[in-house]
Structure formats: structure tokens, C-alpha cells
Amino acid sequence: MKVSGFTFIRNAIKFDYPVVEAINSILPLCDEFVVAVGNSEDETLHLIKNINSPKIKIINTVWDDTLREGGRVLAVETDKALKNISSDSDWAFYIQADETVHEKYLPVIKEAMLKWNNNKDVEGLLFDYLHFYGSYDYIGAARKWYRKEVRIIRNDKTINSFGDAMGFRKNGNKLNVKQINAFVYHYGWVKPPEAQQAKQQTFHKLWHPDDWLKKNIPDVESFDYSQIDSLEKFDGTHPAVMQKRIDAMNWKFSFEPKKKKNIKTVISDCIEKWTGWRIGEYKNYKII
């Protein structure tokens, strides 16, 4: 069984992306790792080269910044990396630049890839998610946080990145996937407030026109992390690759839960807690 990792990145240093940690978190499972490095305003290319692994394959890309509808450019860049993996790989393991996998899950993931390797009906493997917010001590608990997504796909040239690179489709159809007992740790909302605000001001350009940005993104220096409705305290451990970042955290964050929720939220939260069913949840996959 051969496994190729792949990701894309631009301006990793400027916007404080833990892309090196992301790559290193799954590199032990990969025989090669393709990184599409976009035209950056910082030393992102040097950062990736410094991973210094023979598995790393860098392709230099130029982002089409005119693709400002639905974050489409992110899927385009994902596909550039995907198309450069080796043709003889069985699986393609996708990790975004603000995601990592805990080392405790690596044996589970490998076992799943081996188990389903010869079953071509299985087009991908589905992960659970933890979304960290504000600091490394809290995870998102509201309905807006997606709970699952596909991060390992069959090396099939008819499979492409979908939408804003959140998931994948095969010939326009949702993938048939198997759920595995492993989590992706998402750190996209854990950055110094200044870096988070800079990311918001730039990142939303991939979705919205300039007039929308002026109305909806405050022209301030620091991101206001207090505008969040529901978080839970995280009592687990983080991936070892993240420890250096955690130790270097230099901002303060605390969370005071809102005392009141609307009745619809209370009811839907209770149903989800009792049954595991999230009303109206969008699923970008088919579990088989």
C-alpha cells in the first residue's frame, strides 16, 4: 500500500498557519507528500523546504485571485497538489494548513487504509473533528462547526476538490466513505489576535466583494474572540507536533457562556445530545 499526502499553502508565516505541524503530523503515514506552495509575501517556500524530508515534493503555484466566489481558488490549489501525487499511490491523505492529526490515531488510520485498500467501493475515509477556538483550551460546541469531513481519498483521477476545498466529489457526486475512529484537530481559530484579524481581512476576499468586506469586517488591529456563542473546555492532549506553539502562546483568552439561548437552539441541542442526530446537518459524503 502506498500513501501520498498533499496540501496547499500561501503566506503561512504572515497569517501564522501551523502548516509544518500539519505536514509532520501525518508524514509518518506517507510515502511522499506534495505541497503546492502559492505565490507568497513571506518566506513560506523556505519554511516548507526546511522540513527537510526526502518525502516532500514542492510545486510552485500562482493563485488566481479573481476567483472570489465561494472560495473556489482553494479547491483549485488543492487539485494542483492532488494531481501531482504519484500515479501508483493507493490513497491520498489531505491535510489543510491549520489541521493536525494526533499521533495516537496514526495506527488506527493505517489499519483503516489497509482494511479498505482492496475494496474499491470505499472512495474515502471520514474523520471526526475538534475545532479549537480562542486558545488551545476550548473547542467549538455550536451547530455552525462541522463535525466530520473526508480527509483520505482513493487515488482516482475522477475525484476532485469540491466547493472551497472542504471536501471532495467524484464526477460531481458525493464520495462513498467509511467512518474511522480518528479526529482531525482544527486550529484555524487559534492565532494571536493580530494574525487572526489579518487573516480575516484577507481570507474573506476569497468569498466576498470589496463592498461586503467594508460592511462586515472591522478595520481594527486585533480580532475580537469574545463574539462566540458556545464553547466547551478541552480536557484532552494535543498532538505532540503542536506543543512548541502551545508553549509559546502569548495572548490571553477566557470564555463566559451566554446565559440564554433561544428555544430552537435548546431543543436542537437536546436532540443532538440524546440521539447524536443534528437536525439539518449538511453532509458532504455518503457513509456506507
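Here, each number is a calculation from the coordinates, and none is a lab measurement. Because the structure is a prediction, the values reported are computed rather than measured. Neighbour counts are summed over all protein chains in view; Cβ atoms, including those assigned to glycine, are modelled from backbone coordinates with ideal geometry.
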Query - Virtual spin-label span in nm between ILE288 and ILE58, 7 Å along Cα→Cβ - result: 3.9
Report summary line: Taking placed amide H atoms and a strict 5 Å upper bound, the residues 5 or more places from GLY5 or on another chain that come that close are ASP31, GLU32, PHE33, VAL34, PHE93
Query raised in the report: How high is the relative contact order of segment 1-64, in percent, with contacts defined as C-alpha pairs under 8 Å that are six or more residues apart?
Result: 39
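Give the percent of DSSP beta bridges with both residues in the chain that are antiparallel, rounded to the nearest 5. Each step should come with its number before you reach the end.
Values: 21 of 47 bridges.
Roughly 45 percent of the beta bridges in the chain run antiparallel, per DSSP.
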Query - Linear extension gain, LEU114 paired with THR66, 0.36 nm per residue minus alpha-carbon span - result: 13.2 nm
Query raised in the report: What whole number of Å gives the distance from the Cα centroid of segment 16-84 to the Cα centroid of segment 219-254?
Result: 24
Query - Highest to lowest packing among 17-24, 53-60, scored as the average C-beta count within 10 Å - result: 17-24, 53-60
Query - Normalised contact order of the chain, rounded percent, pairs of Cα under 8 Å and 6 or more residues apart - result: 21
Report summary line: For TYR138, the residues 5 or more places away or on another chain with a placed amide H closer than 5 Å to its own amide H are TYR133, PHE234
Requested in this report: Could you list which residues have their amide H under 5 Å from that of MET249, counting only those 5 or more apart in sequence or on another chain, with H placed in the peptide plane?
Outcome: none
Query - Vicinal HN-Hα couplings computed from phi for segment 223-231 (Karplus, 6.51 cos²θ - 1.76 cosθ + 1.60; Hz; Gly/Pro x) - result: 6, 8, 6, 6, 7, 9, 9, 8, 10
Query raised in the report: With contacts defined as alpha carbon pairs under 8 Å and 6 or more residues apart, what's the relative contact order of segment 1-134 in percent?
Result: 36
Query raised in the report: Which value in Å does the Kirkwood hydrodynamic radius of the chain take, with 1/r averaged over all unlike C-alpha pairs and then inverted?
Result: 20.0
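Please find the FRET efficiency linking ASN84 to TRP207, where r is the Cβ-Cβ separation and R0 is fixed at 22 Å, and quote it to the nearest 0.05.
0.25
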Report task. Grab the beta carbon distance between ILE13 and ASP156, set R0 = 30 Å, and tell me the FRET efficiency rounded to 0.05. Result -> 0.30
Query - Which listed pairs, of LYS214/LYS252; LYS170/LYS191; LYS57/LYS120; LYS2/LYS148; LYS157/LYS214; LYS49/LYS83, have C-alpha distances above 30 Å, in listed order - result: LYS170/LYS191; LYS157/LYS214
Query - Spatially proximal aspartates and glutamates relative to LYS244 (Cα-Cα < 18 Å; intrachain offsets below 8 disregarded) - result: ASP16, GLU21, ASP98, GLU99, GLU103, ASP137
Query raised in the report: Label points 7 Å out from Cα along the Cβ direction at GLN227 and GLU41: separation in nm?
Result: 2.1
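Full extension from ILE217 to ASP235: what is 0.36 nm times the residue separation minus their Cα-Cα distance, to one decimal in nm?
3.2 nm
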Report summary line: Descending packing, highest mean Cβ count within 10 Å first, for 200-206, 160-166 is 160-166, 200-206
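Take peptides 135-148, 70-83 and line them up by average Cβ neighbours within 10 Å, highest first, as a rough protection proxy.
70-83, 135-148
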